[in-house]
1. Restricting to the stretch 21-61, give me the number of residues that are open to solvent by 30 Å² or more (accessible area, probe 1.4 Å), assigned to a strand (DSSP E or B), closer than 19 Å to THR91 by Cα and not basic (Lys, Arg).
2. Report, by residue number, each residue of the stretch 7-18 that is within 13 Å of the chain's Cα centre (by Cα) and surrounded by fewer than 16 Cβ atoms within 10 Å (Cβ to Cβ).
3. Condition (residue is assigned to a loop (DSSP other than H, G, I, E, B) and either touching a Gly at 6+ places or on another chain (Cβ under 7 Å) or hydroxyl-bearing (Ser, Thr, Tyr) (or both)) applied to the stretch 63-82: is it met by at least one residue?
4. Give the residues of the stretch 36-61 that are touching a Lys or Arg at 6+ places or on another chain (Cβ under 8 Å) and closer than 14 Å to MET97 by Cβ, sorted by residue number.
5. State which residue pairs qualify: first residue closer than 8 Å to VAL76 by Cβ and inside the stretch 49-63, second residue open to solvent by less than 50 Å² (accessible area, probe 1.4 Å) and not aliphatic (A, V, I, L, M) in any location, beta carbons under 7 Å apart, and separation of 6 or more residues or different chains.
Amino acid sequence: MKAFRLDELEAERAANDGAYLQFVRERTMSVGLYALDAGELDPQQPHKQDEVYFVVSGRASITVGMETTQVGRGSVVFVPAGTAHKFHHITEDLRVMVVFSPPEG
C-alpha cells in the first residue's frame, strides 16, 4: 500500500522549488500535487494524457477548451488529452491533485 499525507507532500514539493510533485507512478496512471500561488500564471500546455484535477484548496477559474468555470476546494475537473487548459484569476493559493492516465511523460 502507498499512503500519503497532504502536508508532507506539500513540504516536499516546496523543498524541491517546483510547482509540481509527482508522488505516484504506475503502469496505467500517475498522481501529483500541483501548486499555483494567488496571482500566479499557469504555464501549462496541452498534455497527451487524460487528466483529472481535484482542488484540495484555493480558488481560481479554469478554462478547458472554450469553457470556463470557477473552482475551489472540492471541485473536480476532467481535461481530455490534447485539450488546451489553464488555471487563471487565482485569488487564493491553489493546491490541486492531478491524476494522469496513462502516466505523464
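1. Result for the stretch 21-61: 2.
2. GLY18
3. Checked against the condition, which is being assigned to a loop (DSSP other than H, G, I, E, B) and either touching a Gly at 6+ places or on another chain (Cβ under 7 Å) or hydroxyl-bearing (Ser, Thr, Tyr) (or both), the stretch 63-82 yields at least one hit.
4. Residues satisfying the conditions are VAL55, VAL56, SER57, GLY58.
5. That search, which allows pairs on different chains as well, returns VAL55/GLY72; VAL55/GLY74; VAL55/SER75.
The values are calculated or read from the model by the stated rules, or taken from the named source; none is laboratory data. Keep in mind that this is a model prediction, so the values were computed, not measured. When we count neighbours, we look across all protein chains shown, and the Cβ atoms used for this are built from the backbone with ideal geometry, even at glycine. Quick note on the areas: whole protein, heavy atoms, side chains included, nothing else; ligands and nucleic acids left out. Shrake-Rupley method; radii C 1.70, N 1.55, O 1.52, S 1.80 Å.
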